[in-house]
Amino acid sequence: MAERTISWGPRASNKLIGSETTRIDGLDKASGFAKYTADMNQAGTLYARLLTCKHGHAKITRLNVDAAKKIAGVHTVYLFKNEGDECNWDGDIVAAVAAETADLAEDGVRAIEVSFEEQPHVVDEQDLEAARAAEATKEGIVDRTVGDPDKAIAEADVVHEGYYGIHTISHMCLEPHGAHCSWNDGDDGPKLIARHSTQAVSTTGKQFASKFGLDAADVRVVCNFIGGGFGSKFAADEWGWAAAQMSKDTGRPVRLMLDRATELKTPGTRPSGFANVTLAAKKDGTITAWKSHHWGTNGPQGGTIDGNQMPYVFEFENKKVEATGIKTNCGPNRAWRAPNHPQLCAITDTAMTDLAAKLKMDPVDLYKANLGQLDKVAKENGDLYRAQLDRASELMDWKKNFHAHGEGGTGAVKRGLGVALHRWGGQSVKCEAEVRLFEDGAAQVSIGSQDLGTGTRTVIAMVLAETCGLPLEKVTAKIGSSEYVYGNPSGGSITVGSVSGGTRRAALAAVWKLLDKVATKYDVDGSGLTVGDEAVWSGKKKVCSWKDACRLIGSVPITELGESPLDDGLTSKLVGGVQMADVSVDTDTGIVRINRMVAVQDCGLVINQMTAKSQVYGGLIMGIAYALSEERIMDNQTGRYINADMENYRLPRIGDIGELIVEMYQPDSEYNRGVVGLGEPPVISTGAAIANAVANATGVRVPVLPMTPKRVLDALKGGQA
């Protein structure tokens, strides 16, 4: 084989890479043709419903399922807990009933005889002293000091002290967690087929296999489409195992999807964080010290947000960070899009903006004055922030519209601007891709990956088509099944880099084998051959069509396996982003309206402009949600989660999001880095930017997110400058 180089090629040579390309599965999703786990309805399927605890903390004193089993149409009852066991939060799952119809399963649940003995509970995540009094804290989770912050504070020109916080939010996947399981007793194929709503097609099969004493090859996991995951769907989970066990017991397929209330209560939350912060600075804005003590909850574990990354993005030479966890009787936490980063940003960047106000300084200038103090991760992209701050300022017309805090207008409605910045890793991980070229000209790539809605399937197809010089509609991308070669779980913004790098490497290797056949057939120098426009070229001379070339393959397809990441320049890591918010605050009602959001984001080489921007739009919308309305509300008296439904768990509607302006930051230096993950970073700094805009408009800090009308009015009434 001729010597060739693995790369993405010159930027100007690509036709698909970097274009705005519609999702290849968009029509299937929009038309309802796409089938999600929640849609699985094969012949003989039984439908499962759940019995859950309705107390904050309780012991099961009686549990009898005999009456449920006697209901006509009920086939089996599965127990997650037994008499004497404790339930540790409202929504903790006790039992599941599988029946011929969902209604009969509900009848079965109601027939279960269950009694609870209530136990003391703690659900208040904000009142640290109350948690201490209830002996529900874990002290000293983080306690570290660098330099001499007290001395630096004493010598500072300006010192700012503030209180900041952000409440717990729940996962709210539109497709709930769950599985549809069936067993195959034949000799061929897998013994268990788990149609699972999962972010980890290639790895959850091992969890099912371990539970049932099977080899991993005996389990096939299928997930062609998933209605959201955001970090919460990596595990088989106890409800997945329950579906598989009930299927095994009955010899029938079983579908068990969580109901909406349980979906909000049990499969995971984003931890809360509240902090007292002290910042010190010189008159020129150089920050000389940081001190903070933060607390919060991640549920029964008793942790809170990761204090090892506080302050966020910056690494000041004098700092002291302490953290206390609160053990609560609330559902446990799971990774939620950019774990810990939105909370850390909401505390750090709001405190820095308040410091800028005290310095009578533009916060953009404050950030620029401290870019030399970026932490070791952000520092690698340090030059990026200055350029992104400048570009975001242009798009927002910042210099014209920014004003001192509290000067947002003379009427009841005040207008203001806010800014925040963020970082993320996004490094690709081990992922395989199998590419096949067939004698009829077909090109196919298969990966045991999944598409969370980010456009992964489209990106894979684009890379294959670009590499083969074919139109997108003439290639096939197969994902969503563990029968394909290993695909990494989708988390940490690692998927696009991983699948694109592996696909590119495998496709290049397959094309090169094809070109060597062409070189032999047509007696030309193989090292100078290229593909494009459905043909093989030697310089500007067409050697043959793509189909003519593929006829040389014969009945056995060319098959190549590619792997990512490798040190070949196809992928990289680390991104940065800047976001700005323009808001209006009605000081009579406390309602905050988004006028505009600006996001400037890099992610290395952009495969698909349309789906990349879509990720940023989605991040902004999720950020607007947790900034203004989204939170888990617990009742201190009963320990109940009182807004666990789609009406009262407040997510933004189309009229709540304002104008979203997204720009992918793409100088040649970014293209040359290769692909970097993008999924998580756009959600990080949105909340801080909006909170800062509200403070700029009113001159008053609303200290805790979400900034509901009541919290805005309370802050205005208290005059918390």
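The values are calculated or read from the model by the stated rules, or taken from the named source; none is laboratory data. Just so you know, these numbers come straight off a predicted model, no measurement behind them. Using ideal geometry, Cβ is built from the backbone for each residue, glycine included, and neighbour counts are taken over all protein chains shown.
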Residue in the stretch 496-532 that is nearest to LEU561 (Cα to Cα), counting only those that are of a type in the set (D, E, K, R) and surrounded by fewer than 17 Cβ atoms within 10 Å (Cβ to Cβ): LYS513
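Kindly state which helices (runs of 4 or more DSSP H) lie completely within the stretch 62-156 and contain at least 2 residues that are closer than 30 Å to TYR47 by Cα and over 36 Å from the mean Cα position of the chain (by Cα).
Passing ranges, in order: 66-69, 102-111.
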Which condition number does LEU566 fail, the rest of (1) in contact with a helix residue (DSSP H, G or I) (Cβ under 6 Å, 6 or more places away or on another chain); (2) farther than 30 Å from SER393 by Cβ; (3) part of a loop (DSSP other than H, G, I, E, B) being met? (1)
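Answer with yes or no whether GLY285 is modelled with pLDDT of 95 or more and either assigned to a loop (DSSP other than H, G, I, E, B) or touching a Ser or Thr at 6+ places or on another chain (Cβ under 7 Å) (or both).
Yes.
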Assess whether GLN450 counts as being part of a loop (DSSP other than H, G, I, E, B) and over 26 Å from ARG220 (Cβ atoms). no
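To keep it simple, each residue is scored yes or no on (1) of a type in the set (A, V, I, L, M, F, W, C); (2) within 30 Å of GLY382 (Cβ to Cβ); (3) assigned by TED's automatic domain parsing to the domain that holds GLN579.
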{"position": "GLU407", "(1), (2), (3)": "no, no, yes"}
{"position": "THR410", "(1), (2), (3)": "no, no, yes"}
{"position": "LYS414", "(1), (2), (3)": "no, no, yes"}
{"position": "LEU421", "(1), (2), (3)": "yes, yes, yes"}
{"position": "LEU437", "(1), (2), (3)": "yes, no, no"}
{"position": "GLY441", "(1), (2), (3)": "no, no, no"}
Kindly provide the set of residues from the stretch 346-361 that are out of contact with any Pro (no Cβ under 6 Å at 6 or more places or on another chain) and of a type in the set (A, V, I, L, M, F, W, C), ordered by number. ALA346, ILE347, ALA351, MET352, LEU355, ALA357, LEU359, MET361
Residue check for LEU279: within 30 Å of ASN488 (Cα to Cα) and at pLDDT 95 or above: no
Being assigned to a strand (DSSP E or B) and not small (Gly, Ala, Ser) is true for just one of VAL556, VAL578. Which residue is that? VAL578
Among (1) part of a loop (DSSP other than H, G, I, E, B); (2) free of Cβ contacts under 8 Å to residues at least 12 places away in the same chain, there is one condition ALA12 misses while meeting the rest; what is its number? (1)
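Pick from ALA420, ALA404: which is within 27 Å of the chain's Cα centre (by Cα) and farther than 30 Å from VAL511 by Cβ?
Residue meeting the stated conditions: ALA420.
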Would you confirm whether or not the stretch 575-589 contains a residue that is out of contact with any Pro (no Cβ under 8 Å at 6 or more places or on another chain), closer than 26 Å to TYR367 by Cα and of a type in the set (Ser, Thr, Tyr)? yes
Condition broken by GLY569, with the remaining ones in (1) surrounded by fewer than 20 Cβ atoms within 10 Å (Cβ to Cβ); (2) more than 30 Å from ARG391 (Cα to Cα) satisfied: (2)
Of the residues SER584, SER493, which single one is touching a Lys or Arg at 6+ places or on another chain (Cβ under 8 Å) and surrounded by 16 or more Cβ atoms within 10 Å (Cβ to Cβ)? SER584
Does the stretch 214-228 contain any residue that is charged (D, E, K, R), over 30 Å from MET707 (Cα atoms) and in contact with an Asp or Glu (Cβ under 8 Å, 6 or more places away or on another chain)? yes
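Among the residues of the stretch 194-218, write down those that are assigned to a loop (DSSP other than H, G, I, E, B) and crowded, with 16+ Cβ neighbours inside 10 Å.
Result: SER197, THR198, GLN199, ALA200, VAL201, SER202, THR203, LEU214.
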Looking at the stretch 343-438, what helices (runs of 4 or more DSSP H) fall wholly within it and have at least 2 residues that are at pLDDT below 95? 382-396
